[in-house]
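The values are calculated or read from the model by the stated rules, or taken from the named source; none is laboratory data. These numbers were taken from a predicted model, which means no experiment stands behind them. Note: ideal-geometry Cβ built from the backbone for every residue, glycine included; neighbour counts use all protein chains shown.
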Amino acid sequence: MYIEITNAGKTFKDGGEELRVLDNINLSIDKGEFICLLGPSGCGKSTLLNAMAGFDMITEGSIKIDGKEVKEPSVKNVTIFQNYGLLPWRTVQKNVELGLEPKKLSKEERAKTAEKYIELVGLSGFKNAHPRRLSGGMQQRVAIARALAVDPDIIFMDEPFGALDAITRMKLQDDILAISKKENKTVIFVTHDIEEAIFLADRIVVMAAHPGRIKSIVDVHLPRYQRERTSDDFLLIRDKVFEIFNMKHIPDIEFVI
Amino acid sequence: MKKLLSLKNIIVSFAIFILIWQVLYMTSDFGDALFPSPLKAWQALVEMVENGYIFINIGTSMYRFAAGYISSVITAVLLGLVLGWFKGIFKYINPVVQLLRPISPMAWMPFIVLWFGIGDVPAIVIIFIAAFFPVLLSTVSAVGNIDPIYLKVAKNFGIKKPEIFWKIVFPAAFPQIANSIHLALGTAWVFLVAGEMVGSQSGLGYLIIDARNNLRADTLLAAIIVIGLIGLILDSLLKLIEGYVMRLWGGADK
């Protein structure tokens with residue numbers, strides 16, 4: 001297994017009160033898989049992602065990536081945040097070059113690599129613009145280009161499309177799916193949007209709160225490309241997820257004698 | 001801000017100011033020696049321009065101002081970046097800074113004159129002190145206020161210790177630092193005149209003392225107005241530079 005989480009747990013101390021944010025998490029992820037962590041707020045999905053990305057350690061158990069215990073963030077595993085994390089004082093081009101700067105590349109190579117990924121996300125015309133000039137969707141594209149530019153093994157995405165409008169969101173979902181398959185990246189994607197999870201994931205890890213735990217893992221047996229949001233299979237899986245969240249309303253049956 | 005300082009506003013504003021001055025002059029009974037008319041002050045200014053006296057003093061003052069202000073801002077920003085980053089150290093320095101900060105730079109004047117004598121140095125030191133604390137404290141707080149996401153991103157992309165300072169910390173804190181540098185300009189200019197009134201035999205501040213000693217109220221008023229004008233020009237210049245740099249930086253916060 002590529003990512004191996006065993007008995008992972010995390011307890012916060014909040015003024016004497018102990019808060020169990022992650023409890024007994026066990027999860028194995030294969031290389032190239034697209035995993036969605038799905039759940040309501042407070043279920044620890046972002047905490048789990050941050051722990052995998054090395055930003056925020058777990059207090060018990062272990063998280064191993066490629067056989068190595070995660071202790072700190074790595075250039076091989078890039079995180080994309082909901083609020084983009086772009087540096088406003090750098091142009092699009094310079095933002096994408098950021099991760100390339102610690103590498104031993106010539107200036108030209110760096111610029112060329114950055115340009116390639118800016119083109120991949122469809123922003124060639126904006127490479128000299130500052131992030132503030134761009135819409136939210138475009139800013140997130142820049143963040144995606146910046147992540148891809150360092151050729152990471154894993155991309156962690158923390159509700160990356162949460163701040164975008166529905167239409168932009170669907171467009172970006174299409175794009176990230178296509179890109180992740182084309183570049184063969186492992187993606188761990190946090191969301192609270194059920195349809196987003198079904199549209200993107202190979203497997204959906206459904207989480208629940210108090211304490212944050214894995215409730216169920218749903219295999220999404222849908223074609224990897226061009227999933228149809230309105231197809232029967234799609235709706236079937238949606239039904240299943242709704243059931244896991246106990247959100248399916250069974251109509252009251254009236255008995256008339 | 002540009003709209004606020006349109007030519008029409010400036011002319012009307014100054015016209016009203018001079019008018020009130022003239023009315024006060026005509027209604028008061030101080031007499032020319034104590035309260036000169038706008039015309040008298042103008043004539044004194046023309047006189048100083050013609051004999052070049054005013055330009056020599058402006059030059060002297062500007063040199064002192066530039067030396068004190070620029071060295072102060074650079075020191076304060078560099079120190080502020082370091083102390084803002086190493087919060088543990090700042091905790092031990094902050095109490096003393098808070099003690100020194102409310103002391104008017106002028107209170108140090110006796111020592112400054114005793115140690116450095118009369119001349120350029122006292123004014124430079126006074127300006128240095130005047131600009132130093134606001135810029136230092138503002139820089140420290142700017143570093144503390146950096147959005148943690150920038151540091152997360154830097155860490156993720158493997159940007160290490162020295163580089164993180166000029167690649168992330170300084171640019172991220174820059175807007176707030178620029179703002180404090182701008183505010184400190186006004187403070188520093190105020191204290192230039194004060195410093196020169198006590199510790200110098202030249203410059204715009206000395207011009208005030210000299211005019212008083214010669215009982216030249218008209219020269220005194222002319223000098224006061226010149227000091228105000230130069231302060232205004234310096235402020236506008238810095239505003240222009242600030243605007244330009246902020247555009248390079250990627251635009252101000254919405």
B:G186 out of contact with any Ser or Thr (no Cβ under 8 Å at 6 or more places or on another chain) and within 26 Å of B:R247 (Cβ to Cβ): yes
Residues of segment B:138-148 that turn out to be assigned to a helix (DSSP H, G or I) and either touching a helix residue (DSSP H, G or I) at 6+ places or on another chain (Cβ under 6 Å) or away from chain A (no Cβ under 14 Å) (or both), as a count: 7
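Quick one: which residue in A:Y117, A:Y84 is crowded, with 21+ Cβ neighbours inside 10 Å and at positive phi? Spell out how you get there, then give the answer.
Values: A:Y117 fails: at positive phi.
The unique qualifying residue is A:Y84.
How many of the residues making up segment B:133-142 are of a type outside the set (S, T, N, Q) and surrounded by 24 or more Cβ atoms within 10 Å (Cβ to Cβ)?
So in segment B:133-142, the residues of a type outside the set (S, T, N, Q) come out as B:133-137, B:140, B:142.
Next, only the ones that are surrounded by 24 or more Cβ atoms within 10 Å (Cβ to Cβ) stay: B:135-136, B:140, B:142.
Qualifying residue count, segment B:133-142: 4.
Among the helices (runs of 4 or more DSSP H) contained in segment A:23-133, which hold 1 or more residues that are within 12 Å of chain B (Cβ to nearest Cβ) and within 21 Å of the chain's Cα centre (by Cα)?
Working: elements: A:45-53, A:92-97, A:107-120.
Where helices (runs of 4 or more DSSP H) fall fully within segment A:23-133 and carry at least 1 residues being within 12 Å of chain B (Cβ to nearest Cβ) and within 21 Å of the chain's Cα centre (by Cα), they are A:45-53, A:92-97.
Scan A:M157, A:M138 and give me the residue that is under 16 Å from A:F81 (Cβ atoms) and surrounded by 24 or more Cβ atoms within 10 Å (Cβ to Cβ). If you could, list the steps in order and put the result at the bottom.
Numbers: A:M138 fails: surrounded by 24 or more Cβ atoms within 10 Å (Cβ to Cβ).
That would be A:M157, the only listed residue that is under 16 Å from A:F81 (Cβ atoms) and surrounded by 24 or more Cβ atoms within 10 Å (Cβ to Cβ).
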Test set (1) away from chain A (no Cβ under 14 Å); (2) surrounded by fewer than 20 Cβ atoms within 10 Å (Cβ to Cβ); (3) touching a residue at least 12 places away in the same chain (Cβ under 8 Å); (4) part of a helix (DSSP H, G or I) - B:A223 fails condition number: (2)
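Among the listed residues B:G186, B:G205, identify the single one that is away from chain A (no Cβ under 14 Å), of a type in the set (G, A, S), closer than 22 Å to B:A76 by Cβ and in a helix (DSSP H, G or I). Lay out the reasoning, then the answer.
On the way: B:G205 fails: closer than 22 Å to B:A76 by Cβ.
Exactly one of B:G186, B:G205 is away from chain A (no Cβ under 14 Å), of a type in the set (G, A, S), closer than 22 Å to B:A76 by Cβ and in a helix (DSSP H, G or I), namely B:G186.
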Number of positions in segment B:95-109 that are more than 16 Å from the chain's Cα centre (by Cα) and part of a helix (DSSP H, G or I): 9
Top-ranked residue of segment B:143-169 - restricted to ones that are buried (at least 19 other Cβ atoms within 10 Å of the Cβ) and under 17 Å from B:L79 (Cβ atoms), ranked as farthest from the chain's Cα centre (by Cα): B:V169
Some residue of segment B:232-249 being within 14 Å of chain A (Cβ to nearest Cβ), surrounded by 13 or more Cβ atoms within 10 Å (Cβ to Cβ) and touching a residue at least 60 places away in the same chain (Cβ under 8 Å): yes
Number of the condition not met by A:S28 [criteria: (1) at pLDDT 90 or above; (2) among the hydroxyl-bearing types (S, T, Y); (3) more than 25 Å from A:P223 (Cβ to Cβ)]: (3)
Members of segment A:184-228 found to be surrounded by 15 or more Cβ atoms within 10 Å (Cβ to Cβ) and farther than 27 Å from A:N26 by Cβ, listed by number: A:R227
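So, B:I112, is that one over 30 Å from A:D56 (Cβ atoms) and either out of contact with any Phe, Trp or Tyr (no Cβ under 6 Å at 6 or more places or on another chain) or part of a helix (DSSP H, G or I) (or both) or not? Don't jump to the end; show me each part of the working.
On the way: over 30 Å from A:D56 (Cβ atoms): yes; either out of contact with any Phe, Trp or Tyr (no Cβ under 6 Å at 6 or more places or on another chain) or part of a helix (DSSP H, G or I) (or both): yes.
It is true that B:I112 is over 30 Å from A:D56 (Cβ atoms) and either out of contact with any Phe, Trp or Tyr (no Cβ under 6 Å at 6 or more places or on another chain) or part of a helix (DSSP H, G or I) (or both).
Results for (1) within 14 Å of chain A (Cβ to nearest Cβ); (2) within 27 Å of A:Q140 (Cα to Cα); (3) without any contact (Cβ under 8 Å) to a residue 12 or more places away in the chain; (4) not in a helix (DSSP H, G or I), shown as yes or no for each residue.
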| site | (1), (2), (3), (4) |
| --- | --- |
| B:F133 | no, no, no, no |
| B:L136 | no, no, no, no |
| B:Y150 | yes, yes, no, no |
| B:G158 | yes, yes, yes, yes |
| B:P171 | yes, yes, no, no |
| B:A194 | no, no, no, no |
Test: B:A41 is crowded, with 16+ Cβ neighbours inside 10 Å, closer than 22 Å to B:L238 by Cβ and of a type in the set (G, A, S): no
